[in-house]
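No lab work stands behind these numbers, since they all come straight from the coordinates. Quick caveat, the model's predicted, so the values are computed rather than measured. Glycine gets a Cβ as well: all are built from the backbone with ideal geometry, and neighbour counts include every protein chain shown.
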There are 2 protein chains.
Amino acid sequence: MLRISTPEQFRKRPRPGIPKAVFAQARLIVEDVRSRGFAAVADYSRQLDGISVTERNLKLSRADIRSARKKLAPKQIRAMDEALERVGLVQSEIAKTALAETRVRVKDGFVLFRPRPVCRVGIYVPGGLAPLPSSLLMAGVTARAAGVKDLLVCTPPQKSGISAAIPYVARQLGITELYRIGGAQAVSAMAYGLPGVMEKADMICGPGNTYVAAAKQLVAAEGAVKIDLVAGPSEVMILADNTANPVYLAADLLAQAEHGPDSAAILLTDCESLAREVAERLERLSRRLKKRETANASLQRHGAIVLTRNMGEAAAIADEYAPEHVEIFAENAEKLVSMLQNTGAIFVNTCEAFADYGMSGGNHILPTGGTARFLSGLAVYDFLARTYVEAMTGREQKAVAGLAAAFADMEGLEAHTNAARQRGGTNS
Amino acid sequence: MLRISTPEQFRKRPRPGIPKAVFAQARLIVEDVRSRGFAAVADYSRQLDGISVTERNLKLSRADIRSARKKLAPKQIRAMDEALERVGLVQSEIAKTALAETRVRVKDGFVLFRPRPVCRVGIYVPGGLAPLPSSLLMAGVTARAAGVKDLLVCTPPQKSGISAAIPYVARQLGITELYRIGGAQAVSAMAYGLPGVMEKADMICGPGNTYVAAAKQLVAAEGAVKIDLVAGPSEVMILADNTANPVYLAADLLAQAEHGPDSAAILLTDCESLAREVAERLERLSRRLKKRETANASLQRHGAIVLTRNMGEAAAIADEYAPEHVEIFAENAEKLVSMLQNTGAIFVNTCEAFADYGMSGGNHILPTGGTARFLSGLAVYDFLARTYVEAMTGREQKAVAGLAAAFADMEGLEAHTNAARQRGGTNS
C-alpha cells in the first residue's frame, strides 16, 4: 500500500530521466538511418518490430486509409469525432490570437512581426502495446488550426496491422501520408528524409517511448528540425481537501499509474482521513486491474500521498515540482489555481482522463519532468514561426547613422560602422 | 575577388555546422561544472580565459555596475538609450498580443489558456574580441517586456575588465546579477546552478561561440532549461535589382563578412552589371579593413554573388536557404517580401546594421543555419510558458463519460475507462 509521507520526505525523491544508454542507442539509429536511408529503416523494422517492410508498403495506401472507418464501432467514431470538434474549437480560438500580426511604428520607420505556420510537420503516433489515436488527434488538430498544410504520420508497424483508429483520425484531418515506421528510426526519417521514399519535415511532434524522446532531442540539437516538447513519463498531482470524493481520487491516481512504471501519481492533501481512505481504495482498485503490475510499479517508485499542513503548502509543492497535470478537488479551488504557475494543465473538479480524450477541450500533449517551469502544452503557438519585417525611411536612416556607428565602434566592428556611416552620407 | 555564380552552383554549397569535436568538448565542460560547481568554473577560467576568479569576485559588485556609466562617452550612452527605447517599444507592442489569455466555452465547460513569464532567465553575453552589449540589450529588453522578473548575466572575464557598456545596459534593465564566467562553463552554471554562488535559471538565451551554442543545445536536450535558439554564424542574403545602390550593397556584405570566417554574405541579383560593380567595390573596400583576413575568409568560404534569371528566382533561392537576414533593394520590394516565408528578418531598403544596434526596432537575435524554416527571431513569445486550465460541470462530465470510456477502451487503458465511468455514475 502507498505510504503517507511528509513534504520533506517527498521533496527528496529523485525523478526519472532518460538513461544515457538510451541516448547512445538512439544516436546510433538516427545516424544510421540518416546515412543509409530506407535500407536502415527496413533493418530496424525487422530487428525491433519483427516486421518486413518494403519501399512500397511502408506508406499506407489511400484504400487502407479510406476503409479504416468500417473497422470501427459507431461509439468509437462518435468519441473521436466529438474530441476532434472540442479540441478543434479550443485551438481555433487560440489561433485567433496566435496568428495575429504585430505592427509598430518606430519613429520614421516600422516593424511588422509576421507569424507563419511551419511548412511540413511529422507526427509520431505510438502504436505498440497501446496505439494512441488520441495523440494524433491532439497534434493534428492543433497543427491544422495553425495553418500547417503538409502533415505526415509515422507509427510503428504491427503484426496485426495498424489500429484502424489511427488512419481514421488521419483521414478526418486530411492526412494522406501515413508511414509504418516506429522508434528512433521514424524520428530520423522525419528529420532528414528518406531519399525517394519520404521528404524531410521541418518539425516533429507527438509523444513516444524513451528512444523516440531521445531521438527527437538529438535531431533538434543538430538544428535539423523543431520539436514540440520532451514527452517523458506522465504525471499527475492531485490537490484535494476534505470535501473531495475519495472514489474519484483513487480512480484518477490509478489511471495515471497504469501509463507505465515511470509515471507518477501523487496526492497532496491536508486531510489525514482522506489520505488514508484514498490509500485503501487505491489498494483495492489496483488489485482488479489487468495491468496491475505496471500500476503497482509506478505507485511504488514514483507514487506518493503527501500530507501537508494546509492546501497552500500543497499548492507550493506542486508549483515547485512543476507536474504535467494538476487536479484540484477543494473548496477554495480558484485560489489554488491562482497560486499555480509551473504546470502543464490544471483540472478544476474535473477528471483528467476527459482531457486525455479531448472531452474537456485542452491539449493532452503537455510538458513533463519539471519542464513545465519553462515549456507549455501543445498549442497553435508551437506550429508557428515569425519573421521581423523592418523598414526605415532614408531620412530616418540618415538620422540614426551616427548613433549606430558609435554603437558598432564600441563593439569593434569597423565594417558595421562603415555601413551605418554610408547611410548618413559620410564616407568614412 | 568574389566570383559570380549561377543558382545551380550556389545550391550545391555546404553550410557550416557545429563540429562534433566542439560538442564533445562542450559536453565535458558542462558535466564537469555540473558535478564540481565553482571549482570547475575557476579551473576553466584560468585555463581558457587566463584569469583567476574567486567566489567573491565572480559576481560584479553593485559599485562596479553603478560606476560603469562614467566610463562611457555621451554618444555611446545615447546610442544605447536610443536602442533600449526602440526595441522596448516593439517588444511592448508584441507583448500586448503575446500575453493575451484565451478563454473558450466548450459546451458545458471551459478552457482558459493562460500565459506566464518564465521565472528566471540567464543571458549569455559574448565578451571576447568583441564585447556585445547589444546582445544583452536585445535579450534583456525582450525578457522584461514579457514580464520576466529574475534576470542574470554571464560574460567572459577579461584581463582589461568587463566592457563598461555591459554593466551599463544591465543597470538600465534593472539587472543586479552579473557574473564573470564565459563559454560552456557559463551555460552549465546557468542550467544547473553553482551551489552557494549562483542559482540555476529556467531559460538561457543570447548568442555565443560554437562552444556556447553546443553547450546550450546539450543542457536543453537534458530538459534542464529552455534555450532561445541555435545562434550559429551570421548570414545575410541581399536581393537587389538594377535600382540598387552598389555602394550600400558592398558595405552591407562586408559588414556581414567581418563577423567571422563562417559568416555568409550573399548577393542575389538579376542584374549582371550590378553584380560586377558590387564585386569590385567589395574587393576595394575590404582592403582597407583591419579585420580583412576574417572578412576575406568569410567571403571566400561562404560568400557569393549569384546571378539569377529574375528577382522571383532570387526570392525563391532565399526562401529555400532560409537565411538569418534578408535585405531587399528592389523596385517591387513588397512583392518580394510577400514571397519570403523562411527567414529571420527582412529589411526593406534598410541597412541591416541598424537592426544590429536596435535602431530599426526589431530583435537582432535571429535563427541561423536554415533554422528560420521553423524558428523565429527572439521576441516576448520566447519568454512565456502557458498553462491550460480546464473545468467541466458535473453534468457535462456525466454526459461525456461514455464517449471517453469508449476512447480509453480503444487505447487499452482500463483504469482510464474506469475513471471516466465513475463520473458517469456507473461503477464498472
Under a straight-distance cross-link criterion of Cα-Cα below 29 Å, which lysines are reachable from B:Lys59, leaving out those fewer than 8 residues away in the same chain?
B:Lys70, B:Lys71, B:Lys75, B:Lys149, B:Lys159, B:Lys200, B:Lys216, B:Lys226
If you count, for every residue in A:177-186, the Cβ atoms of partner chains within 10 Å of its Cβ, what is the mean?
0
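Report the net charge of residues surrounding B:Asp270, where surrounding means a beta-carbon distance below 15 angstrom and charges are Lys +1, Arg +1, Asp -1, Glu -1. Present the calculation step by step, with values, prior to reporting the outcome.
Numbers: positive: B:Arg276, B:Arg309, B:Lys335; negative: B:Asp241, B:Glu272, B:Glu277, B:Glu313, B:Glu331.
Summing Lys/Arg as +1 and Asp/Glu as -1 gives -2.
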Share, in percent, of DSSP beta bridges within chain A that are antiparallel, nearest 5:
30
GNM, chain B, Cα, under 10 Å: largest mean-square fluctuation among B:Ile123, B:Ile346, B:Ile181?
B:Ile346
Quick query: amide H of A:Val106 versus all other amide H atoms, modeled in the peptide plane; which residues come in under 5 Å with a sequence gap of 5 or more or a different chain?
A:Val111
Largest-first principal axis extents, alpha carbons of segment B:1-82, Å:
57, 44, 21
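Rank by packing, highest mean first: peptides A:229-235, A:298-304, with packing defined as the count of other Cβ atoms within 10 Å averaged across residues. Intermediate values should be presented prior to the final figure.
On the way: A:229-235: 24.3, A:298-304: 20.6.
Taking the mean over residues of other Cβ atoms within 10 Å, the ranking is A:229-235, A:298-304.
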If N is the number of residues in chain B, what value comes out of its Cα radius of gyration divided by 2.2 N^0.38 Å?
1.15
Starting from the 7 Å offset along Cα-to-Cβ, what nm value, one decimal, do you get for the label separation of A:Ser67 and A:Thr54?
1.7
Indicate, rounded to the nearest 5 percent, the antiparallel portion of the DSSP beta bridges found entirely in segment B:20-227.
35
I'd like the Karplus ³J(HN,Hα) series for segment B:404-414: coefficients 6.51, -1.76, 1.60, θ = phi - 60°, whole numbers in Hz, and an x wherever there's a Gly or Pro.
4, 5, 5, 5, 4, 4, 4, 8, x, 10, 5
Running a GNM on chain B with Cα contacts under 10 Å, which residue among B:Gly182, B:Gly122, B:Gly17 ends up with the highest mean-square fluctuation?
B:Gly17
Would you pull out the residues with amide H under 5 Å of A:Phe347's amide H, same chain only if 5 or more places away, H placed 1.01 Å from N?
A:Val326, A:Glu327, A:Ile328, B:Glu390
Along each of its three principal axes, how wide is the spread of alpha-carbon positions in segment A:232-373, in whole angstrom units, largest first?
38, 34, 27
Once Lys and Arg are counted +1 and Asp and Glu -1 for all other residues with Cβ under 13 Å from that of A:Ser135, the total becomes -3
Average partner coverage of A:105-117, which counts Cβ from other chains inside 10 Å
6
For segment B:207-215, Karplus-derived ³J(HN,Hα) couplings (6.51, -1.76, 1.60; θ = phi - 60°; whole Hz; x for glycine and proline) come out as x, x, 6, 5, 5, 5, 4, 5, 5
Each residue of A:73-85 has, on average, a number of other protein chain C-beta atoms within 10 Å of its C-beta equal to 4
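What's the whole-number percent of alpha carbon pairs in the protein assembly as shown lying beyond 47 angstrom? Show your work: numbers first, answer last.
Values: 87457 of 365940 pairs.
Of all Cα-Cα distances in the protein assembly as shown, 24 percent exceed 47 Å.
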Quick P(r) readout (segment B:260-321; Cα-Cα; 5 Å bins; whole %) gives 4, 18, 23, 23, 17, 10, 4, 0
Give, to the nearest whole percent, the P(r) tail of segment B:20-227 beyond 29 angstrom, counting all Cα pairs.
28
Helix-only mean residue ellipticity at 222 nm, chain B, DSSP H runs n ≥ 4 weighted -39,500 (n - 2.57), per residue, nearest 500. What is it?
-14000 deg cm²/dmol
Environment charge of A:Val197, counting only residues whose C-beta is closer than 13 Å and scoring Lys/Arg +1, Asp/Glu -1:
+2
Please list, in chain and number order, the residues 5+ apart from B:Lys226 or on another chain whose amide H is under 5 Å from its amide H, with Hs placed from the backbone.
B:Met203, B:Ile204
Each residue of segment B:31-39 in order: what ³J(HN,Hα) in whole Hz does its phi give by Karplus 6.51 cos²θ - 1.76 cosθ + 1.60, θ = phi - 60°, with x for Gly and Pro?
6, 5, 5, 4, 8, 9, x, 4, 4
With springs only between Cα atoms under 10 Å, which of A:Tyr248, A:Tyr192, A:Tyr124 fluctuates most in a Gaussian network model of chain A?
A:Tyr248
If you count the DSSP beta bridges with both ends in the protein assembly as shown, what percent of them are antiparallel, to the nearest 5?
30
More than 23 Å apart: what percent of Cα pairs in segment A:38-158 qualify?
50
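Note down the magnitude of the dipole of the protein assembly as shown about its Cα centre, charges +1 on Lys and Arg C-beta and -1 on Asp and Glu C-beta and zero elsewhere, to the nearest 20 debye. Please list the in-between numbers first.
Numbers: 104 positive and 90 negative charges, 97 e Å.
Here the size comes out at about 460 debye.
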